[in-house]
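Novice: Have a look at the structure that comes next, please.
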Amino acid sequence: MKFQIEDVTVYFPYEHIYPEQYQYMLDLKRALDSSPSGTGAGHCLLEMPTGTGKTVALLSLILSYSLSKSPSLKLLYCTRTVHEMEKTLAELKHLLPHLPPSSSHRLLALGLSSRKNLCVNPSVIGTSSATTRDSVDSGCRRLTASWVRARAAEDTSVPTCSFFENYERVSAAEAVLLPPGVYTLEDLRGFGRAKGWCPYFLARHMIRLANVVVYSYQYLLDPKVAGVISREMQRECVVVFDEAHNIDNVCIEALSVSIRKQTLDGASRNLSRIAQEIERFEAQDAGRLRAEYNRLVEGLAQRGNLPISDTWLANPALPDDILKEAVPGNIRRAERFLAVLRRLVQYLKGRLQAERVETEGPVAFVASVRSQAGIDEKTLKFCYDRLHSLMLTLEITDTDEFLHIQTVCDFATLVGTYTRGFSIIIEPFDERMPHIPDPVLQLSCHDASLAIKPVFDRFQSVIITSGTLSPIDLYPRLLNFNPVISRSFTMSLTRDCICPMILTRGSDQLPVSTKFDMRSDPGVVRNYGRLLLEMVAAVPDGIVCFFVSYSYMDGIVNSWNEMGILQDIMQHKLVFIETQDVVETTLALDNYRKACDCGRGAVFFSVARGKVAEGIDFDRHYGRLVIMFGIPFQYTLSRILLSRLEYLRETFQIKEGDFLTFDALRQAAQCVGRVIRSKADYGMMIFADKRYAVYTRHDKRSKLPGWILSHLHDAHLNLSTDMALHIAREFLRKMAQPYNKAGVGGKKTLLSQEDLEKMGEGNVEMS
C-alpha cells in the first residue's frame, strides 16, 4: 500500500500496517529530517518490540524517503550474523515490486560477507583446510596476489583463479557489472558461477555503486576491516545498526587484543620464516628490498594504490589517530625491523611469566617497553603498517600462517597510539580455575565510543535499533553521542498473547535465586527442577530454559539427574542441551525442532550470552514457554570488567551497579524475547529469581523493555511454583479461543490505507 508520512510518500509491501510501525516510521523520518546533507547529525535510538516488523518498516521508510527527498541517499544496513543479513535482503526483495517502477528498475541492493561465504572456486573452498575465514582468505591470495599473477603470465603452470581473472578483464572495461536488483549471498554466488566471475570481488566493486548495502557490524566498526571495505562511502548515507543491544561490546572487542604463550611462540616461528624469506630475496632480488627502503624513507605506500587482490587488513587504530608521516629510521631496513619485533616478543614473554595479576595503563606499559626492550612509542605505532609493507615486499600469500605476528603488531600499534580508555591486564591463570596455568596478556578497550565515533562523525544519520535496548537512557552515555530521538515503543495487541511472570519461591515457599550464596543450595536446585517438571507436564510443544552460565547449567543438570528430576522431565519431553561446540549445538537445535514438529515436545537448555540467546528464534510451537533461571550478571571478579567499571565511573559517571544491572537485564530480555516473533504468536516468560521482585535503587524489574512490562500484571510479581502453574494453564486455555486479528471497537491493531487516511482526521484510535 501507499500512504503519506508528512511530506514523504511511503511505499509499504503489505495491505495492513501495525500502529507501532507507523509511529516508528514517523520518528525515523523526523530523525532523517534533522540531518539535511552537510549539517547536523540525525542519529536516533529506537526500541521496537520483537515480531512487529521492524526491518520492513526501516527499509520502506528509508527507501521512500530517498525517492521523495534525497535521491543520492545510500543505506548501509549492518547486521550481526549472515542469517540476519539474508533475512534483511529477503524483506527487501519483497518490498522491491511495491516501489514505483521507475525506481525499482534502478535499485541495486546486495549483501557483502567474507570470502568464506562468497568464494565459488572449488580449489579454494573444496580443500580440507578451508574451514575458517583466514584459511579461505589465504587460499584466495595464493591465486590472486599481483606477484602470483605476474609469474603466471610468464609460466602457465603457476595456478591462478579463473573467476578472478575473468572479473579483472570485465571490470577494467565496465564500471557497472551487476544489473539492478536485490542480491543475497546465494544470488551473488549463482551470478558469479554463471558469468565465471568472482562474487567476492564483484560485491566489493559494486558496493560503491549500490543503493543499499547489507553487511556486518565489523565492516564499519572494526578499523582493520572498515579501512579496506568502507573507506569510500560518502557522508550521504543512513547507517542502521539492527539488533544493536550489544553494540557497545562489539565496539570494545574491535579495539581489544589478547596475547597468550601460544601467540608468542607462533610469532617467533613467523619471524624465523620472515628472516628466511629476507635472506632468499637478498640473494635473488635485493632490488625489491632496496626499493621498499626508499619508499619508506618518503612515507608508507598509500594503501589505495594497491591492487584489490593485495589489500590486507587496514591499520587497527582509528583513521584520525594514524600517523601521516614517514616510518621511523630504525625500522626501515627489514632486518632491523625484525630485530625490533624479536625484542618485543621476548619482552612480552617475560611479562607473561608474572606470578600475580598485573594491571597498568598504556603510558606506563610503553615506558616499560622503552626501558627494558629499547622500543619507543613511535616505533610501536608503526609496527602494523611496517609488517604489512614487508609481507607485500616478500610476496607472502599464506597470511593465515602469520596471524600470530599480526596479533603482536596489532597490539603494539594500539598500545603505542592510545593513552586513555585502555588497560593492559596480565593474568597468570583464570581465577575460576586457579590450579591451571594459562597466562594471558590483554589490551582491553574500555571506551565503546572510540570505535563508533568515526561512524557518528562521518555519516549524516546513524540509527541504533533493537527489540531490547532498555534501559535506553544508558546508550547515549556509553557511546558518547546525542540522539535527536530516543524512544521505546510498546506492542499493540488484540489479546494478551505475552504472559510474563516473576517466580520468587518454590511450592515449599523457599526463595529461589542464582545469587552466589544461594545457587548451590539443594532447596533452590530442587525448586528449580520442580518448576520445570510441573511446566513440562502442563505446557505443550517446546520449552526453552536459559541459565546464567555454562558451569551453572552443567552443575544444576547434574544435580537434577542425581535427584531423579531429569528422568521425570524426560517422561514428558525430550531434553536437548546447548554446548560450546557450534556443530553439536546446531545438531541439538535441529533435533529439538523435529521433536516439536512431530508432537513429542522438547526442552532446550541454553545459556544467556550464548549463540542461541543471540540469534535463534523459538517462534510458534518451538517456544510456548521460556524460563530464565536467575539474572545473567557478568562474572564480577573479572579484571577486565572491573577495569571497565572503573573507567565508566571516572569518565562517564556511570555507577558500577547501574551498568551491571543494565547489562544483565538486557541479556535477560534478549533471552525471553526469543519466544515471541509475531503478533499471531503467543508465549509465556518466567523470570525465576526473587531479585526480579525486590524494589531497590538498582531495581531489576523496571529495566526490562516497556513491551514486556506493559504485560507484567501486579498479580504476577511474586509467585510460587503452584501459582505460576495455575496462571500458565489459564493463559493456555485463553489462547485457544478464536480472536479478531484486526482489533475490535475503536482500537485497531492492524491499519489499512483507509485507516491511515482517517487518522489524519482523528477518527481512528491506535492501540
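Novice: Got a sec? Which helices (runs of 4 or more DSSP H) wholly within segment 308-389 have at least 3 residues that are open to solvent by less than 10 Å² (accessible area, probe 1.4 Å)? I'd like the intermediate steps shown before the answer.
Specialist: Working: elements: 334-351, 362-373, 377-381.
Qualifying helices (runs of 4 or more DSSP H): 334-351, 362-373.
Novice: Can you go through Glu86, Glu91 and tell me which one is at pLDDT 90 or above, open to solvent by 10 Å² or more (accessible area, probe 1.4 Å), within 20 Å of Leu750 (Cβ to Cβ) and within 24 Å of the chain's Cα centre (by Cα)?
Specialist: Details: Glu86 fails: within 20 Å of Leu750 (Cβ to Cβ).
It is Glu91.
Novice: Let me ask you something else. Is it fair to say Ser258 is in contact (Cβ under 8 Å) with a residue 12 or more places away in the chain, within 21 Å of the chain's Cα centre (by Cα), under 20 Å from Leu313 (Cβ atoms) and surrounded by fewer than 19 Cβ atoms within 10 Å (Cβ to Cβ)?
Specialist: Values: in contact (Cβ under 8 Å) with a residue 12 or more places away in the chain: yes; within 21 Å of the chain's Cα centre (by Cα): yes; under 20 Å from Leu313 (Cβ atoms): yes; surrounded by fewer than 19 Cβ atoms within 10 Å (Cβ to Cβ): yes.
So Ser258 fits the description; yes.
Novice: Then there's this: Report, by residue number, each residue of segment 714-732 that is open to solvent by 100 Å² or more (accessible area, probe 1.4 Å) and modelled with pLDDT of 95 or more.
Specialist: At the first step, the residues of segment 714-732 found to be open to solvent by 100 Å² or more (accessible area, probe 1.4 Å) are 714, 726, 729.
Within segment 714-732, His726, Arg729 meet the criteria.
Novice: Looking at (1) open to solvent by less than 10 Å² (accessible area, probe 1.4 Å); (2) under 23 Å from Ala226 (Cα atoms); (3) in a loop (DSSP other than H, G, I, E, B); (4) of a type in the set (Val, Ile, Thr), which is the only condition Thr419 fails?
Specialist: It is condition (1) that Thr419 fails.
Novice: Follow-up. Whether any residue in segment 538-546 is over 20 Å from Asp521 (Cβ atoms), of a type in the set (A, V, I, L, M) and not in a strand (DSSP E or B) is what I want to check.
Specialist: Checking segment 538-546: at least one residue is over 20 Å from Asp521 (Cβ atoms), of a type in the set (A, V, I, L, M) and not in a strand (DSSP E or B).
Novice: Oh, and also: Taking Val170, is it part of a loop (DSSP other than H, G, I, E, B) and either out of contact with any helix residue (DSSP H, G or I) (no Cβ under 9 Å at 6 or more places or on another chain) or open to solvent by 20 Å² or more (accessible area, probe 1.4 Å) (or both)?
Specialist: Values: part of a loop (DSSP other than H, G, I, E, B): no; either out of contact with any helix residue (DSSP H, G or I) (no Cβ under 9 Å at 6 or more places or on another chain) or open to solvent by 20 Å² or more (accessible area, probe 1.4 Å) (or both): yes.
No.
Novice: Of the numbered conditions (1) outside any loop (DSSP other than H, G, I, E, B); (2) over 22 Å from Asp714 (Cα atoms), Met518 satisfies every one except a single condition; which is it?
Specialist: (1)
Novice: Right, another one. Quick check on my filter: what residues within segment 562-591 are open to solvent by 70 Å² or more (accessible area, probe 1.4 Å), polar (S, T, N, Q) and in contact with a helix residue (DSSP H, G or I) (Cβ under 8 Å, 6 or more places away or on another chain)?
Specialist: If the condition is that a residue be open to solvent by 70 Å² or more (accessible area, probe 1.4 Å), polar (S, T, N, Q) and in contact with a helix residue (DSSP H, G or I) (Cβ under 8 Å, 6 or more places away or on another chain), then Gln567, Gln580 are the ones that fit.
Novice: Go through segment 391-415 and report how many residues are assigned to a helix (DSSP H, G or I) and either more than 32 Å from the chain's Cα centre (by Cα) or among the basic types (Lys, Arg) (or both). Steps first, please.
Specialist: Applying the first criterion (assigned to a helix (DSSP H, G or I)) to segment 391-415 yields 391-393, 399-415.
If we keep only those that are either more than 32 Å from the chain's Cα centre (by Cα) or among the basic types (Lys, Arg) (or both) too, we end up with 393.
Final tally of qualifying residues: 1.
Novice: A further question on this structure: In segment 14-32, how many residues are more than 28 Å from the chain's Cα centre (by Cα) and under 19 Å from Thr50 (Cα atoms)?
Specialist: 4
Novice: Can you pull out the residues in segment 195-248 that are touching a strand residue (DSSP E or B) at 6+ places or on another chain (Cβ under 9 Å), of a type in the set (Phe, Trp, Tyr) and open to solvent by 10 Å² or more (accessible area, probe 1.4 Å)?
Specialist: If the condition is that a residue be touching a strand residue (DSSP E or B) at 6+ places or on another chain (Cβ under 9 Å), of a type in the set (Phe, Trp, Tyr) and open to solvent by 10 Å² or more (accessible area, probe 1.4 Å), then Tyr219 is the only one that fits.
Novice: Let me spell it out: the conditions are (1) open to solvent by less than 40 Å² (accessible area, probe 1.4 Å); (2) at pLDDT 90 or above; (3) out of contact with any helix residue (DSSP H, G or I) (no Cβ under 9 Å at 6 or more places or on another chain), and Lys679 meets all of them except one. Which number is the exception?
Specialist: (2)
Novice: Which condition from (1) buried (at least 19 other Cβ atoms within 10 Å of the Cβ); (2) at pLDDT below 95 is the one that Asp398 breaks?
Specialist: In the conditions (1) buried (at least 19 other Cβ atoms within 10 Å of the Cβ); (2) at pLDDT below 95, Asp398 misses (1) alone.
Novice: May I pose another question? Suppose we keep only residues that are of a type in the set (S, T, N, Q) and open to solvent by 20 Å² or more (accessible area, probe 1.4 Å) within segment 115-134. Which one would you say is nearest to Phe191 (Cα to Cα)? Give the derivation first.
Specialist: Keep residues of segment 115-134 that are of a type in the set (S, T, N, Q), which gives 117, 121, 123, 127-129, 131-132.
Then drop every residue that is not open to solvent by 20 Å² or more (accessible area, probe 1.4 Å), which leaves 117, 123, 127-129, 131-132.
On the way: Asn117: 14, Ser123: 19, Thr127: 23, Ser128: 25, Ser129: 26, Thr131: 24, Thr132: 24 Å.
Per the criteria, the residue is Asn117.
Novice: Can I ask one more? Restricting attention to segment 19-47, which residues are modelled with pLDDT of 90 or more and not in a helix (DSSP H, G or I)?
Specialist: Across segment 19-47, the qualifying residues are His43, Cys44, Leu45, Leu46, Glu47.
Novice: Which one of these is touching a His at 6+ places or on another chain (Cβ under 8 Å), hydroxyl-bearing (Ser, Thr, Tyr) and either touching a residue at least 24 places away in the same chain (Cβ under 8 Å) or open to solvent by 10 Å² or more (accessible area, probe 1.4 Å) (or both): Tyr77, Tyr24, Tyr11, Tyr65?
Specialist: Tyr11
Novice: Filter segment 539-561 for residues that are surrounded by fewer than 17 Cβ atoms within 10 Å (Cβ to Cβ) and small (Gly, Ala, Ser) and give the result.
Specialist: Of segment 539-561, the ones surrounded by fewer than 17 Cβ atoms within 10 Å (Cβ to Cβ) are 540, 550-551, 554-555, 558, 561.
If the condition is that a residue be surrounded by fewer than 17 Cβ atoms within 10 Å (Cβ to Cβ) and small (Gly, Ala, Ser), then Ser551, Gly555 are the ones that fit.
Novice: Applying the selection to segment 654-694, what residues are without any contact (Cβ under 8 Å) to a residue 24 or more places away in the chain and either within 20 Å of the chain's Cα centre (by Cα) or in a loop (DSSP other than H, G, I, E, B) (or both)?
Specialist: Going residue by residue through segment 654-694, those that are without any contact (Cβ under 8 Å) to a residue 24 or more places away in the chain are 655-656, 694.
Residues satisfying the conditions are Lys655, Val694.
So that you can scan it fast, the table gives a plain yes or no per residue for (1) open to solvent by 50 Å² or more (accessible area, probe 1.4 Å); (2) in a helix (DSSP H, G or I); (3) over 30 Å from Asp457 (Cβ atoms):
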{"site": "Ala109", "(1), (2), (3)": "no, no, no"}
{"site": "Arg149", "(1), (2), (3)": "yes, yes, yes"}
{"site": "Pro159", "(1), (2), (3)": "yes, no, yes"}
{"site": "Leu178", "(1), (2), (3)": "no, no, yes"}
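Novice: Still on this structure, I have one more. Among the candidates Ser461, Ser444, Ser449, which residue alone is surrounded by fewer than 21 Cβ atoms within 10 Å (Cβ to Cβ) and closer than 22 Å to Leu220 by Cβ? Show your work before the answer.
Specialist: Values: Ser461 fails: surrounded by fewer than 21 Cβ atoms within 10 Å (Cβ to Cβ); Ser444 fails: surrounded by fewer than 21 Cβ atoms within 10 Å (Cβ to Cβ).
Selected residue: Ser449, the only one of Ser461, Ser444, Ser449 that is surrounded by fewer than 21 Cβ atoms within 10 Å (Cβ to Cβ) and closer than 22 Å to Leu220 by Cβ.
Novice: Mind listing just one residue for me: the one in segment 182-194 that is under 27 Å from the mean Cα position of the chain (by Cα) and open to solvent by less than 10 Å² (accessible area, probe 1.4 Å) and, of those, nearest to Asp410 (Cα to Cα)?
Specialist: Going through the qualifying residues, I end up with Leu185.
Novice: Let me ask something else about it. Would you pick out the residues in segment 530-559 that are more than 18 Å from Arg609 (Cα to Cα), among the small types (Gly, Ala, Ser) and in contact (Cβ under 8 Å) with a residue 40 or more places away in the chain?
Specialist: If the condition is that a residue be more than 18 Å from Arg609 (Cα to Cα), among the small types (Gly, Ala, Ser) and in contact (Cβ under 8 Å) with a residue 40 or more places away in the chain, then Ala538, Gly542 are the ones that fit.
The values are calculated or read from the model by the stated rules, or taken from the named source; none is laboratory data. These numbers come from a predicted model, not from an experiment. We place every Cβ from the backbone using ideal geometry, glycine too, and count neighbours over all the protein chains shown. Please note that ligands, DNA and RNA were not included when accessible areas were found on the heavy atoms of the full protein model with its side chains. Shrake-Rupley method; radii C 1.70, N 1.55, O 1.52, S 1.80 Å.
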